[in-house]
Amino acid sequence: MNAEMYANWTLFIAPIVLRGRFKKPRYYKHFIQLVELLKLCLAFEISEMILNQIDEGFRLWVEEYEK
């Protein structure tokens with residue numbers, strides 16, 4: 001697989017295929033939060049507000065991951 005295939009899997013296919021597959025729903029929710037952050041990062045234009053949203057989002061995502 002190449003990077004483009006991984007990106008397509010992560011952003012478009014996995015959220016559908018993985019729904020209801022994790023033992024605990026919080027794992028799926030955490031994965032979807034990552035997908036949403038990645039989509040923000042791939043925008044053609046990123047404003048200051050979106051940049052702050054990405055920064056805060058990843059900070060919170062990592063904190064949740066480390067729990």
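The values are calculated or read from the model by the stated rules, or taken from the named source; none is laboratory data. Just so you know, these numbers come straight off a predicted model, no measurement behind them. All Cβ positions, even for glycine, are placed from backbone atoms using ideal geometry, and neighbour counts span all protein chains on display. Heads up: the accessible areas ignore ligands, DNA and RNA and are worked out on the full protein's heavy atoms, side chains in. Shrake-Rupley method; radii C 1.70, N 1.55, O 1.52, S 1.80 Å.
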| Count of residues meeting criterion [of a type in the set (Asp, Glu) and surrounded by 12 or more Cβ atoms within 10 Å (Cβ to Cβ)] in region 3-39 | 1
| query | So is Leu42 within 21 Å of Ala3 (Cβ to Cβ), open to solvent by 100 Å² or more (accessible area, probe 1.4 Å) and of a type outside the set (D, E, K, R) or not? | reply | yes
| field | Elements of type helices (runs of 4 or more DSSP H) in region 8-67, at least 1 residues being in contact (Cβ under 8 Å) with a residue 24 or more places away in the chain | value | 25-41, 48-66
